[in-house]
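Heads up: the structure comes next, in structure tokens.
Please treat every number below as a calculation from the coordinates, not as lab data. As the structure is a computational prediction, the values presented were derived from the model and not from experiment. Cβ: placed from backbone, ideal geometry, glycine included. Neighbour counts: every protein chain shown.
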Amino acid sequence: MIEVTNASRWYGNVVAVNDMTFSLGAGVTGLLGPNGAGKSTMLHMIAGFLGPSAGTVTIDGRPTHGDPEVYRGIGMVPEREAVYAFLSARQFVAANARLQGVAEVEAATQRAIAAVELQDAQDRAIGTYSKGMRQRAKVAAALVHDPPVLLLDEPFNGMDPRQRLHMMALLRRMAADGRTILFSSHILEEVERLAERVLVIVAGRLAASGNFREIRRLMTDRPHTFTVRSSDDRRLAAALVAEPAVSGVALDDGLLTIRAADFGTFARIVPGVARRTAITLYELLPTDESLESVFSYLVAGGARR
Amino acid sequence: MPPDTMPPAPLEAGSSTPSSGAIYDLGYRRYDGPRLGRWHAISTLFWASLRAAFGMGRSGRAKIVPWGLAVFALIPALVAVAIIALIGEGISPFTYDNYLWQVQITFALFVAAQAPELVNSDMRHRVLALYFSHPLERLDYAAAKLGALVAALLLLALTPQLVLFAGNLLTSTDVVAGLRDQAGALPQIIGTSLLYAVTLSSIGIAIAAFTPRRAYATGAIIAFFLVTGAVSTILGEATRGSLSDWAPLIDPFALIDGTRDWLLGASIDESPVTGSSVPLPIFGGVLAAVVALAVAVIALRYQRVEA
Amino acid sequence: MNGTIAGITFRQLLGRRRVLLLLVLGAVLVLVALAYRLAGGGDDDLRWTAGLLENFGIATLMPLVALVLGTGAIGAEIEDGTIVYILAKPISRSVIVATKLAVAALAAAALTCGPILLAGIIAAGGMGNGLVLGFTLAAAIGSLLYAALFVALSLVTGRALVFGLFYVLLWEGFLSGLFAGTRTFSIRQHTLAFAEAIGHPPTDAFDASLDLVPAVVIGGALLVISVVVAIRRLRAFELRGEAA
């Protein structure tokens, strides 16, 4: 349905989107990438707010830019927080419904508001809402005309875990109805939980695409790093390095760092080693791996392939 | 912290001088040297604000407005010099007395456009706290900002008059005699410019300090100057009663001109001060009161504002 | 014309603190007229009224009101990003521009013509032989012309307010005083021409410097050009993403 073919977008010397090609159908797709990667630009191109400098961006064969009629079939939830603060959620969603030419404005408004669970607060001015409630109001406004394509730019910003779960359930339901849903995020866990399919964007390029589990599996080839605190770091290190699952140990400034290629086996053997050597483990932490390093691995991995 | 030294490298066979190596700690170090203190902070802020008033250090688009206005204020002087050069003396439409009066709108616009630039950006982006965490008192900040705008307006006002001065000099037959003649005008040039600069800056910054957003501040400042000017003109045209006599006191530009007339002599036809029977020292008094009020308002505002 | 957009724009323009400034300006106009009356008036009321309505009403109040409302009609939404809710709809860009312009012009006319009418009646002690009516109706037309210009300006530059001030104060004010030719391209002069043509006031009270025909032609052309420019800029408008 959404077809992006060799699309690029540049501003003078800065290339925001670099020769991307993909197509999307029904279901939930996540646009994943670090900040500044070009996710928003790509999303805005699909939404018709930007024209591609090269290539084409079409929905059902129609180019999205320059044609106000495409908006009958698109619902857009922008990232910027600002909304008409003086309107209540009901008025805001109803206004969007009217602008879309929806036939039964009241009914559609109530349906949309119920879908995002804003019924109780719908008559208060949006200016008084919390960040998460404002996001929900924006989603309701994007849903009110029942569009087959839904685009969301960082939709989970400012939502607490409960709201996030509810929003995810809503999006999954809509996808099951046959809608095409595309959302952007820089948080791995959100994309992991919601998207059936992922497009990973790094520096304007498509670094990886496809089923998320596949991509995750690719990343497990890379050794995991753990930090350990124990009653005797040095002896523990000596014992661990003898195990085949461990690829390296390092002792810096009193901090024991372990690299393990096979995460599963390592997790199994550590307690046994500790008991055998009579060392007490106080703490075992996987070190946070930055998203950027993961992605650069992905990019490098993609180049090698 | 003293540098860590490694033991000297082993001597090479045959060499007579010992070699040594050292590794230096490049970690974070405190600065324990002399610090320049409060006065330097004030002057730094002053110069930075003066540059900001002319859009220096920013993109070209930020320079259009201030420099455009500066050029606009300068053009009549250039034209006048050209006229003198081509046609001869005595035909110039501008004298040192009335030049600034004629181009007053450019000053009003400059203040309306740039006072918010100096004042409102800091407030909007909540940088005041950063400023006040340095040895810069709140009043120092206000003084530096106000001083910078005064200096900017001085530059704006002096340049065309000095161009006129130079033009008069260069087109006179005897430069030295011309210099002697024209030199008498220097107090007029400098004094008038100072009056305009101080008055307009203090009013502009006082208004800008109270408005939350830049666009509102610009609108409010220009509205103030336009409305006071219009009301003063209109009431001045009412021919009956003291209303028309006292009308010029509403207009800050008329106040400036009246004070200039009082202190430096020479009235000009275009100014409403000429037709008014109000004694000139009153203009001076009211002007002083207005400026004092504006400065007090600025001081109070910056003492109280939440950083 | 789209009712929903009109409603939102009205609330946006008139629901803010800046409207207070505009109301105060109008009030000052009326107060000055009152002060004149209370001070006993003058020798020639009609002439003074014409001066008041020309110098304060048309030359100060009308452009300031139109500037604030005209640059705010679309400019405010572009600045805070809410324009996306209007643009992401199957509504033609010309309808959007026409609606917002109509709202801005109507609001500007209301905030200008009301005080002018009131002040004129007070100062002239009546309708002043057509003077007051002429100025009031002309102010409505002038508000429309200004609003169109400033709406187009707000789609061309982010600093529409300052450049609008340049136009009003430097072009229409300063330069028109020096060069008579610039008056042909001054909305202020067009409005004064309309005031004379509509009200037929006595010439010793008020005489516009521009004739009606050039005012209609140039003013009309300015209106059309402004609207066309605005529509074209809105069509080509691009909304960048935050993380672009």
Measure nothing but the geometry: give the 0 to 90° angle between the long axis through the Cα atoms of C:3-14 and the longest principal axis through the Cα atoms of chain C, rounded to 10°.
60
Return the single residue from B:149, B:164, B:263 with maximal mean-square fluctuation; model: Gaussian network over chain B, springs between Cα atoms under 10 Å.
B:263
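List C:1, C:62, A:76 from most exposed to least, where exposure is judged by having the fewest other Cβ atoms within 10 Å. Can you show the working numbers first?
Working: C:1 10, C:62 32, A:76 26.
The fewest-first ordering by Cβ neighbours comes to C:1, A:76, C:62.
Please compute the contact order of segment C:119-224 in relative form: average sequence separation of alpha-carbon pairs under 8 Å and at least six residues apart, divided by the residue count, as a percent.
On the way: 113 pairs, mean separation 38.0, N = 106.
Relative contact order of segment C:119-224: 36 percent.
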Gain in span if fully extended, residue B:63 to residue B:126, counting 0.36 nm per residue against the direct Cα distance
20.3 nm
Distance in nm between residue C:203 and residue B:269 label points, each 7 Å along Cα→Cβ, equals 2.5
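Nearest 500 deg cm²/dmol is fine: what mean residue ellipticity at 222 nm does chain C get from its DSSP H runs of n ≥ 4 alone, each adding -39,500 (n - 2.57), divided by its residue count?
Details: 10 runs with 167 residues, N = 244.
-23000 deg cm²/dmol, from helical runs alone.
Before anything else, pin down the relative contact order of chain A: Cα pairs under 8 Å, at least 6 apart, normalised by residue count, whole percent.
Details: 558 pairs, mean separation 58.8, N = 305.
Averaging sequence separation for qualifying contacts and normalising by length gives 19 percent for chain A.
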Could you please state, rounded to a whole Å, how far the C-alpha centre of segment A:232-269 is from the C-alpha centre of segment C:147-168?
67
What is the distance in Å between the Cα centres of segment A:107-139 and segment C:1-80?
37
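Per the Kirkwood treatment, what hydrodynamic radius in Å, one decimal, follows for chain B from the mean inverse distance over all distinct Cα pairs? Please list the in-between numbers first.
Numbers: mean 1/r = 0.0443 Å⁻¹.
Computed over chain B, the radius equals 22.6 Å.
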Which one of A:38, A:25, A:256 is farthest out on the positive end of the charge dipole of chain A, using unit charges on Cβ (Lys, Arg +1; Asp, Glu -1) and the Cα centre as origin?
A:256
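Can you give the helix-only mean residue ellipticity at 222 nm for chain A, where every DSSP H stretch with n ≥ 4 adds -39500 (n - 2.57) and the sum goes over all residues, rounded to the nearest 500 deg cm²/dmol?
On the way: 10 runs with 113 residues, N = 305.
-11500 deg cm²/dmol, from helical runs alone.
When only Cα pairs under 8 Å and 6 or more residues apart are kept, what is the percent relative contact order across chain B? Show your work: numbers first, answer last.
Numbers: 354 pairs, mean separation 57.9, N = 307.
Rounded, it is 19 percent for chain B.
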Taking only Cα atoms of segment C:67-119, the Rg to Rh ratio with Kirkwood Rh works out at 1.10
Rule-of-thumb check for segment B:184-307: C-alpha Rg over 2.2 N^0.38 Å?
1.15
Using Cα atoms only, what is the angle between the long axis of helix C:62-80 and the major principal axis of chain C, expressed in degrees (0 to 90) to the nearest 10?
10
Treating the beta-carbon of each Lys and Arg as +1 and of each Asp and Glu as -1, no other charges, what is the dipole magnitude of chain A about its Cα centre, to the nearest 20 debye?
340
Gyration tensor (alpha-carbon) shape descriptor, segment B:223-285, a/c threshold 1.5:
oblate
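Calculated FRET efficiency, residue A:267 and residue B:28, Cβ-Cβ r, R0 60 Å, to nearest 0.05? Mind showing how you got there, number by number?
Details: r = 39 Å, r/R0 = 0.65.
That pair, residue A:267 with residue B:28, gives E of 0.95.
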With springs only between Cα atoms under 10 Å apart, run a GNM on chain A and tell me which of A:204, A:132, A:272 wobbles the most.
A:272
Chain C: angle of helix C:93-124 to the longest principal axis, Cα-based, in degrees nearest 10
20
At a Förster distance of 51 Å, what's the computed FRET efficiency of residue A:189 paired with residue C:24, Cβ-Cβ distance as r, to 0.05?
0.40
For C:209, B:201, C:143, B:276, order by how many other beta-carbon atoms lie within 10 Å, fewest first
C:209, B:276, C:143, B:201
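Rounded if a/c is under 1.5, else prolate if a/b beats b/c, else oblate: with a ≥ b ≥ c from the C-alpha gyration tensor eigenvalues square-rooted, which is the protein assembly as shown? Don't skip to the answer; put the middle values down first.
Numbers: a/c = 2.65, a/b = 1.55, b/c = 1.71.
Oblate, since a/c reaches 1.5 and b/c is not below a/b.
Which value, in Å³ per residue, describes the convex hull spanned by the Cα atoms of segment B:21-98? Walk me through the intermediate numbers first.
On the way: hull volume 20.2 nm³, N = 78.
Convex hull of Cα atoms, per residue: 260 Å³.
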Rank the residues B:40, A:186, A:145, A:44 as a footprinting-exposure proxy: fewest other Cβ atoms within 10 Å of their Cβ go first.
B:40, A:186, A:145, A:44
Within segment A:94-118, list the residues whose amide N lies under 20 Å from a label point set 7 Å along Cα→Cβ of residue A:60.
A:97-104
Given the C-alpha centroids of segment B:202-262 and segment A:67-81, what is the distance between them in whole angstrom?
48
Can you tell which of B:25, B:245, B:261 shows the greatest fluctuation in a Gaussian network model of chain B with Cα springs below 10 Å?
B:25
Checked against the positive end of the charge dipole of chain A (+1 on Cβ of Lys and Arg, -1 on Cβ of Asp and Glu, about the Cα centre), the farthest of A:273, A:159, A:204 is A:273
